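Single-structure report; data block below.
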Amino acid sequence: MRVLSGIQPTGRFHWGNYFGAIRQYIDLQSADAAYYFIANLHALTTVRDAAALKQYTLDAAIDLLALGLDPNQAVLFVQSDVPEVSELMWLLLTGAPMGLLERCVAYKEKKEKGLPAAAGLFTYPVLMAADILAYDADTVPVGQDQIQHIEVCRDLAGSFNHLFGETFVLPKGKVLDDSAKVPGTDGEKMSKSYNNTLEVFEDPKQQRKKIMRITTDSRPMEEPKQPDTDPLYQLFSLVATDAERAEMAALYLRGGFGYGEVKKALADAAERFFGPARARRADLAADEPRIREILADGAARARRQASDVLRRAKAACGLQ
Ligand code: TYM
């Protein structure tokens, strides 16, 4: 199995990123090959502030390492350090049907939210396809919202292969479990653009305040409630132990409790869950040269693979 995934440095990681993606990266890092990158070229479509983008990129590397990504097992690098991918994107763009990209939900959503409709935003899935194909990845762990983009990648790779002969490996999107769509503090999908996130390394006091403000329904305390469809319970179950989860589910079904109690339990469980990573993060952040060294080494390893694939693709379509 050859695994690849990318994550954008658009701010600090939230629980959706962790439970929907990062946790899977770590579970899969001992595969035959595992490539994980910080998608700063994708982030440039929304982060238009140079200093912020630089800082978010460094923070992303520190966060991933603190959360358990092991650079001795996986290749960790920054997307823009592998220019071969941008060149490969052009090869794919020449055959990318407008209609296919127009159907992409992420683009439509961002446009509706008022982001300027730049060509980079529109062609974003083609860059993502190049990312995946450049490493011959067959498995791409992502949250539910990215599955459509992996379908686009399969389409583009399939038609290139059809026209120019077998060149690319067709990947599969991998949504590992039911945390593929983590709810935010308003019950909608957790997303930075919806302003409903709980960050992984947020100040615990700040996070507790946010948790206490989570939207809940106004049913009376006595009434029994279904745990599985309640976003608050869903969040709790991500950070709770098995025993805590079972106890809370029983409490929901019995009724006679207040959401305030659940929120407090959620804040406590979150602090325990991310505590060890928080301590590791503090150590890593104190050694920036080491982080830069890891990223430089990752980029060199990634480039070796990507340049092989690029050479293959250029030869196939008559550029070499
Ligand atoms: P990005 O940076 O938006 O998100 C990173 C990962 O987090 C997942 N995710 C969620 N999962 C569950 N519930 C949520 N609420 C939630 N919010 C985010 C996303 O599904 C994603 O897996 N285009 C990609 C980055 C990328 C990429 C790639 C991914 C660029 N090139 C190649 C895979 C392969 C993105 O914007 O992810």
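The values are calculated or read from the model by the stated rules, or taken from the named source; none is laboratory data. Small disclaimer: the values here were computed from a predicted structure and weren't measured. Quick reminder, even Gly has a Cβ in these numbers, built from the backbone with ideal geometry, and neighbours come from all protein chains shown. Ligands, DNA and RNA are stripped out before the accessible areas are found, and what is left, the full protein with its side chains, is counted by its heavy atoms. Shrake-Rupley method; radii C 1.70, N 1.55, O 1.52, S 1.80 Å.
Assess whether Gly114 counts as being free of Cβ contacts under 8 Å to residues at least 24 places away in the same chain and either in contact with a His (Cβ under 8 Å, 6 or more places away or on another chain) or assigned to a loop (DSSP other than H, G, I, E, B) (or both).
Spelling it out, Gly114 is indeed free of Cβ contacts under 8 Å to residues at least 24 places away in the same chain and either in contact with a His (Cβ under 8 Å, 6 or more places away or on another chain) or assigned to a loop (DSSP other than H, G, I, E, B) (or both).
Criterion first (within 8 Å of the ligand (Cβ to nearest atom), hydrophobic (A, V, I, L, M, F, W, C) and either open to solvent by less than 30 Å² (accessible area, probe 1.4 Å) or assigned to a helix (DSSP H, G or I) (or both)) does Val140 satisfy it?
When the stated conditions are applied, Val140 passes them.
Quick test of your reading of the structure: Ala313 fulfils all but one of (1) within 30 Å of Ala33 (Cα to Cα); (2) open to solvent by 20 Å² or more (accessible area, probe 1.4 Å). Name the failing condition by number.
Evaluating Ala313 over (1) within 30 Å of Ala33 (Cα to Cα); (2) open to solvent by 20 Å² or more (accessible area, probe 1.4 Å) leaves (2) as the failure.
Is at least one residue of the range 149-160 open to solvent by less than 40 Å² (accessible area, probe 1.4 Å) and within 14 Å of the chain's Cα centre (by Cα)?
Looking through the range 149-160, at least one residue is open to solvent by less than 40 Å² (accessible area, probe 1.4 Å) and within 14 Å of the chain's Cα centre (by Cα).
Out of the range 116-132, which residues are hydrophobic (A, V, I, L, M, F, W, C), within 10 Å of the ligand (Cβ to nearest atom) and open to solvent by less than 10 Å² (accessible area, probe 1.4 Å)?
Matches in the range 116-132: Ala129, Ala130, Ile132.
Matching residues to (1) open to solvent by less than 70 Å² (accessible area, probe 1.4 Å); (2) over 23 Å from Arg281 (Cβ atoms):
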| site | (1), (2) |
| --- | --- |
| Pro183 | yes, yes |
| Glu188 | no, yes |
| Thr197 | yes, no |
| Val200 | yes, no |
| Gln206 | no, no |
| Lys210 | yes, no |
| Thr216 | yes, yes |
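Just to be sure before I move on: is Leu4 of a type outside the set (S, T, N, Q), modelled with pLDDT of 95 or more and under 20 Å from Ile294 (Cα atoms) in the structure I sent?
It is true that Leu4 is of a type outside the set (S, T, N, Q), modelled with pLDDT of 95 or more and under 20 Å from Ile294 (Cα atoms).
Evaluate the following for Leu101: is it of a type in the set (A, V, I, L, M, F, W, C), surrounded by 15 or more Cβ atoms within 10 Å (Cβ to Cβ) and closer than 21 Å to Pro83 by Cα?
Here the answer is no, as Leu101 does not meet what is asked.
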